[in-house]
Amino acid sequence: MATTFQAGGPGRERQVQAMFSAIAPRYDLNNTLLSFGLHHRWKRAAIDAAALKPGDRLLDLCAGTGDLAFLAARRLDALGGNGLVIASDLNRAMLEVGRQRAKRLGIAHRVQFIQGHAQAIQLADRSVDAVTIAFGIRNVDHPETAFAEICRVLKPGGHLVCLEFSRPVSSRLRRWYDFYSHTLLPWIGTTVARDRTGVYRYLPASIREFPDQERLASMITSAGFAPVRYTNLSGGIVAIHIGAKPVVPSLSPLPLDGGEDKGEGVTPALTGHSS
C-alpha cells in the first residue's frame, strides 16, 4: 500500500526525508521522465542567473544528487581559478548518490558535500559569493528562516538564485498543469514507476501550497534581499527568483537643518544577523 502523506503537521520533515531516501537511486531518471527533460534547461538557466566569476564559492542548498552543483562546478572549471561548489542537503542517501556521480564525472575536486539543514547553514557569515537552491525550498518547514540564513552566509553584493515550481501565467496552462500534477503524475508514479512512498502525491500538494511568484518575492525581500526579481520559465510552471544582498545597510537621509532626527536612521540588522 502506498504511504499516505499529510501536507503539514508534526513529523512532516521526517516523512519527506524518508521518501527522498527511498527514491534516491532513481531520482535523476524520474526527474527527466516527469519533466519531459525540461528540468535540465531550467537548471542551466539558474546557473546562468548566478553570474559566476573565477574563484567564486557557491553554496547549493537542498542539492539532492548534485545536478545544479555539477553545472556550477563545470562553469567554474571553464572560468579558471580555484572556485568551489559546496553541495549541502539534509538527506544522506541523496548526497551519497551525488558523491558517486561527482567521481564518475571527474569534478569531485570542485564539489564539497556536506550534510546540513537549510534553516541552520553550517557556514560562517559572509563566506560565499552565491547561493542556489533548486526545487528544495518547498521542502523546508520554515522558508523564511532559510532565506535569512542564506542572507547571513552571503557576502555583501552576493546573489541568491532560487529555482522553484510556481503558478502558470495563463488559465489554460494552469488547467492543463493541474490535471498533469494531480491526476497524471500520481498515476505515473504508482503505475509506471511503481512508487509506494507517496512522493508523487506529496510533490503536487507541496507545489499547490507554496507561495506564487509575487508572494515568494516578498518573502525573499523580507529576509533582507534587495532588489529581488523573478523570471518565469515554461509559462510560469517554474520561476527563477534572484535576490541581491545589499553591499551596505540602507541609510535614511540626514537632517539638513541640524534639527532633531525623527527616529529614522540605519535600517535594523537583517533578521537578527549581522550583514
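Is it the case that region 166-177 has a residue that's aliphatic (A, V, I, L, M) and buried (at least 20 other Cβ atoms within 10 Å of the Cβ)?
No, there is no match, as no residue in region 166-177 is aliphatic (A, V, I, L, M) and buried (at least 20 other Cβ atoms within 10 Å of the Cβ).
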- Among ALA226, ALA239, ALA217, which is the only one that is crowded, with 19+ Cβ neighbours inside 10 Å, without any contact (Cβ under 8 Å) to a residue 40 or more places away in the chain, under 22 Å from VAL131 (Cα atoms) and within 21 Å of the chain's Cα centre (by Cα)? ALA217
- Message: Can you tell me how many residues within region 186-198 are without any contact (Cβ under 8 Å) to a residue 60 or more places away in the chain, on the phi < 0 side of the Ramachandran plot and assigned to a loop (DSSP other than H, G, I, E, B)?
- Response: 0
- Could you check, for region 199-216, whether at least one of its residues is outside any helix (DSSP H, G or I) and under 20 Å from LEU61 (Cβ atoms)? yes
- Query: Does region 170-180 contain any residue that is modelled with pLDDT of 95 or more and either under 12 Å from LEU59 (Cα atoms) or in contact with a helix residue (DSSP H, G or I) (Cβ under 8 Å, 6 or more places away or on another chain) (or both)?
  - Reply: yes
- Query: How many of the residues in region 19-40 are touching a helix residue (DSSP H, G or I) at 6+ places or on another chain (Cβ under 9 Å), aliphatic (A, V, I, L, M) and more than 20 Å from PHE179 (Cβ to Cβ)?
  - Reply: 4
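Quick check on my filter: what residues within region 165-185 are in contact with a Gly (Cβ under 9 Å, 6 or more places away or on another chain), part of a helix (DSSP H, G or I) and in contact (Cβ under 8 Å) with a residue 12 or more places away in the chain?
Those that are in contact with a Gly (Cβ under 9 Å, 6 or more places away or on another chain), part of a helix (DSSP H, G or I) and in contact (Cβ under 8 Å) with a residue 12 or more places away in the chain: LEU173, TYR177.
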- From the list ALA24, ALA72, pick out the single residue that is surrounded by 17 or more Cβ atoms within 10 Å (Cβ to Cβ) and modelled with pLDDT of 95 or more. ALA72
- Exclusive hit being acidic (Asp, Glu) and touching a helix residue (DSSP H, G or I) at 6+ places or on another chain (Cβ under 8 Å), set ASP48, ASP77: ASP77
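The values are calculated or read from the model by the stated rules, or taken from the named source; none is laboratory data. Here the structure is a predicted model, which means the values were calculated and not measured. We place every Cβ from the backbone using ideal geometry, glycine too, and count neighbours over all the protein chains shown.
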